[in-house]
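The values are calculated or read from the model by the stated rules, or taken from the named source; none is laboratory data. As the structure is a prediction and not an experimental result, all values here were calculated from the model. No Cβ is skipped: glycine too gets one built from the backbone with ideal geometry, and neighbour counts run over all protein chains shown.
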Amino acid sequence: MHALANPTRFMRLAGTILPWTIAAAAVCLAAGLWQALVVSPPDYQQGETVRIMYVHVPSAWLAMFIYMVVAAGSASFLIWKHPLADVAAQAAAPIGAAFTAMALATGAIWGQPTWGTWWVWDARLTSVLVLLFLYLGYIALVNAFDDPERGARAGAVLALAGVINIPIIKFSVDWWNTLHQPASLTRLDAPAIHSSMLVPLLLMAAGLFMYFLAVLIIRMQSAMLVRRSRALGRVACGTAGPQA
Amino acid sequence: MKAKHRRLTFVGVGLLLLAGAAGLVLVALEDTVVFFFAPSDLQAQERAPEGRIRIGGLIEQGSLERGGTPIRFRITDLKATVQVSYRGLLPDLIREGQGVVASGLLVDGLLEADEVLAKHDENYMPKEVADALRRAGTWQGGS
Amino acid sequence: MTAGAPPLFSGEDIACQRGGHELFRGVGFALWPGDALLLTGPNGSGKTSLLQVMAGLRPPSAGRLDWHGRDIREDLAAHAGRLHHVGHRTGSRAILTAEEDLLFWSRVRGPASRQRCLLALARFDLLRLKDLPVQALSSGQQRRLALARLLATPADIWLLDEPAVGLDRSGLASLEAAVARHRGSGGIAVIASHTPVELAEPVRGLALEQSGERVPEHGS
Amino acid sequence: MTRFFVIILRELRIGLRHLSDISAVLAFFALVATLFAFGVGPLALGDLAGGVLWTAALLAAMLSLDRLFQPDHDDGGLVLLVLSPVPLELVVLAKVIAHWLTAGVPILVLAPLLGFALQLPEGSLSGLLTGMALGTPILSLLGALGAALVLGARRAGVLTALLILPLVIPVLIFGVAATDPANGAAPVLFLAAMLLGALALCPWATAAALRQSVL
């Protein structure tokens, strides 16, 4: 079985790297915010309002990345019965939902001064909103069953079915002439973003990613403890017969 | 083997359907620009679409009259232009040469816009760098 | 039962996990045409789960099951085609009449004919009730309708989970006769039943112990 | 293939015996549409009518989703369907077709009548019908996935709506766009593309959800 599959080994490993992720998150976020809000210059077109980008873009990236984590966890739980996979997926989903909400909120705040509107029904914004509903649907579905394993399986199928939405978000800006501008970083030619702005963006992305890792580990640890106490409860109430 | 045979047919049918779906999407994209029309699209269509429409393009240099109300400007895609009149306050990003999407009622060639949105391109750079590039003539982005 | 021939339906070292804890481990069986296997064990020992594993509904957490020496999970649909599974619930739809329900399930499963369905209903003394909607039948009569399905279309393996629940004397007799005829024609029957069901010898037994609850060991 | 039609026939036979289910869907559709008319005032509806009709049709279709798999789950028939020689994906497709015939088509028939009641602009009737002819099967397909996922869950009805309505937003957007002739053929093409996509993905995902619910 895969090394990480053994819950004990995972708990020990998680315990050791947790403090490092928390430290890395703190450092990156501090440096990132300092760069983003103070050091980096205003944009040639948008002036100061561009600073919202340093939160909006990383949270949008993470919103999509975390959904892939949930989908990957769901696939390995359904197909390979990996014991930790559903724990990881269920631990990651609420964090992903939070980042999606943040991406939508900062997007709207950024949109008002620059586009002239809080919200407009176009392909990119709609598909990100659908992503938020997918997260909320997943969380609701997983908790809607009395038997946690049953909920985990149902949620896993939903998460996999929802994966189709991720490419739609990614390419929505290219397929439709949407109001949302095309990708700045992943352009084929040189990235259209100046290094003085790229550095804070990447720092913020790293910081938020580390934050996600730290919170994910904490949530997984507590989920494992709950699962263990439930198992102990079963033993305590005498369902355990002679140890075969 | 029966099971493999059946699984292959399912995957095959699935892929066929998805290919059909992708094909339809591509055809639909050619047909009309879902979010907005470019000025040259309007010229191309025999009958000018009546009722609410959205037009997107750049604000033609020198066509922006910000003084009175309504604010008047022309949207161009360097091939054709549309005269727009707009009652309301423009977002602070709007300048000549700036990408914009205006939606409203098209009345014999004049767009009575009730909503003007700035279309921001994907370039981010400090002001000095933009000016330097423009002086070097390698790039004619918005002002 | 020819001792030399390989078993028709067999399983070794089968384990089953439900809700994170293990129900049973190391379970094995070997059955030849005409055999009957009686599953015994206290409530919660995993009899129903073992039957689901045998039907291919539930993947075992360890071990394998073979039909003619080939793993049943290679082609679950084909495996499902060669068995009948009668569970706790009857599977009949309340609004349909007994005949309509039986006809439906036999048409979905295999080569079916109205004649064979009527014969199956007669075997379980349901012929006079065939035009009654299922909701009008008593639970015992609905249980017989579910059992009638065994006769309506042919199958090599019968997996019966508490088939005798709610049956009266004559219902039990019809069930026992049906199982005897099925075994006589080379079929295999696996029965989990607390109420005693009279089976002609030889009868193989498989006892599942109290579900051994081993808490997955954790470092602190 | 006959087994495929045997399943559809059973579902239709059950559907016709529960006529009250179909009339409930239609009554709800008409009710929601007229509520909008009273709320917004019939004269002001004008080009809102397309949106109102589509939203009401969507909600009405949601109502009838629980009879797709819930009865089979309760009476144990689902296990027999999973164990039947008919591939589960085809069983799902058969049930979706039966649901579309007993819920989608009645909505399709009632929509133009309600359209007149809501003063739907003359030109948009054909767009409404083609849009709904493509949209209602998508609702049945996505609805089947939602219904299968919530089998055995608490508050299954609310949960199905929570899962499915977000996925149906694009159908609503293009469906309403199809009622406005100014948008040309693009919306109908998008709806057709979504139908093909749903046909490719939903039966597979629904079958996976059903297999999980039987364990």
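Take the conditions within 14 Å of chain C (Cβ to nearest Cβ) and within 20 Å of the chain's Cα centre (by Cα) and apply them to D:L12. Does it pass? Yes: the conditions hold for D:L12. Of the residues making up segment C:40-74, just one is of a type in the set (A, V, I, L, M), away from every other protein chain (no Cβ under 12 Å) and out of contact with any Ser or Thr (no Cβ under 8 Å at 6 or more places or on another chain), namely C:L50. Look at D:T102 and say whether it is under 16 Å from the mean Cα position of the chain (by Cα) and surrounded by fewer than 23 Cβ atoms within 10 Å (Cβ to Cβ). Criteria met by D:T102.
Of all residues in segment D:139-159, those that are at pLDDT 90 or above, facing chain A (nearest Cβ under 10 Å) and assigned to a helix (DSSP H, G or I) total 6.
Taking the stated definitions as given, is C:H84 in contact with a strand residue (DSSP E or B) (Cβ under 6 Å, 6 or more places away or on another chain) and at negative phi?
Against the criterion (in contact with a strand residue (DSSP E or B) (Cβ under 6 Å, 6 or more places away or on another chain) and at negative phi), C:H84 qualifies.
Among the criteria (1) in a helix (DSSP H, G or I); (2) out of contact with any strand residue (DSSP E or B) (no Cβ under 8 Å at 6 or more places or on another chain); (3) surrounded by 18 or more Cβ atoms within 10 Å (Cβ to Cβ); (4) modelled with pLDDT under 80, the one A:A91 does not fulfil is (4).
Looking at segment C:40-118, the helices (runs of 4 or more DSSP H) lying wholly inside it that each contain 1 or more residues that are surrounded by fewer than 21 Cβ atoms within 10 Å (Cβ to Cβ) and under 16 Å from the mean Cα position of the chain (by Cα) sit at C:47-55, C:76-81.
Quick one: in segment D:166-201, which of the residues that are among the hydrophobic types (A, V, I, L, M, F, W, C) and facing chain A (nearest Cβ under 8 Å) is nearest to A:Y135 (Cα to Cα)?
Ranking the candidates gives D:L167 first.
Scanning segment D:112-138 for residues that are more than 30 Å from D:A207 (Cβ to Cβ), in a helix (DSSP H, G or I) and in contact (Cβ under 8 Å) with a residue 60 or more places away in the chain returns D:L114, D:G115, D:A117, D:S124, D:G127, D:L128.
Taking the criterion of being part of a helix (DSSP H, G or I) and within 14 Å of chain C (Cβ to nearest Cβ), would at least one residue in segment D:32-40 satisfy it? Scanning segment D:32-40 turns up no residue that is part of a helix (DSSP H, G or I) and within 14 Å of chain C (Cβ to nearest Cβ). In segment A:22-45, which residue that is free of Cβ contacts under 8 Å to residues at least 60 places away in the same chain and within 12 Å of chain B (Cβ to nearest Cβ) is surrounded by the fewest Cβ atoms within 10 Å (Cβ to Cβ)? So, considering only residues that are free of Cβ contacts under 8 Å to residues at least 60 places away in the same chain and within 12 Å of chain B (Cβ to nearest Cβ), the one surrounded by the fewest Cβ atoms within 10 Å (Cβ to Cβ) is A:P42.
Could you tell me whether any residue of segment D:78-96 is away from every other protein chain (no Cβ under 12 Å), within 18 Å of D:V150 (Cβ to Cβ) and in contact with a His (Cβ under 8 Å, 6 or more places away or on another chain)? No, segment D:78-96 contains no residue that is away from every other protein chain (no Cβ under 12 Å), within 18 Å of D:V150 (Cβ to Cβ) and in contact with a His (Cβ under 8 Å, 6 or more places away or on another chain).
For segment C:127-150, the set of residues classified as among the aliphatic types (A, V, I, L, M) and under 15 Å from C:G91 (Cβ atoms) consists of C:V134, C:L137, C:L145, C:A146, C:L147, C:A148, C:L150, listed by residue number. Give segment B:82-102 a look and list any residue that's surrounded by fewer than 19 Cβ atoms within 10 Å (Cβ to Cβ) and part of a strand (DSSP E or B), or say none. Those that are surrounded by fewer than 19 Cβ atoms within 10 Å (Cβ to Cβ) and part of a strand (DSSP E or B): B:Q83, B:S85. Among the residues of segment C:201-210, those that are over 16 Å from C:L23 (Cα atoms) and touching a residue at least 24 places away in the same chain (Cβ under 8 Å) comprise C:P202, C:V203, C:R204, C:G205. Taking segment B:110-124 as the range and being more than 9 Å from chain A (Cβ to nearest Cβ) and either modelled with pLDDT under 75 or more than 21 Å from B:T69 (Cβ to Cβ) (or both) as the test, no residue passes.
If you check D:L215, D:L163 for being within 12 Å of chain A (Cβ to nearest Cβ) and at pLDDT 90 or above, only one passes: D:L163.
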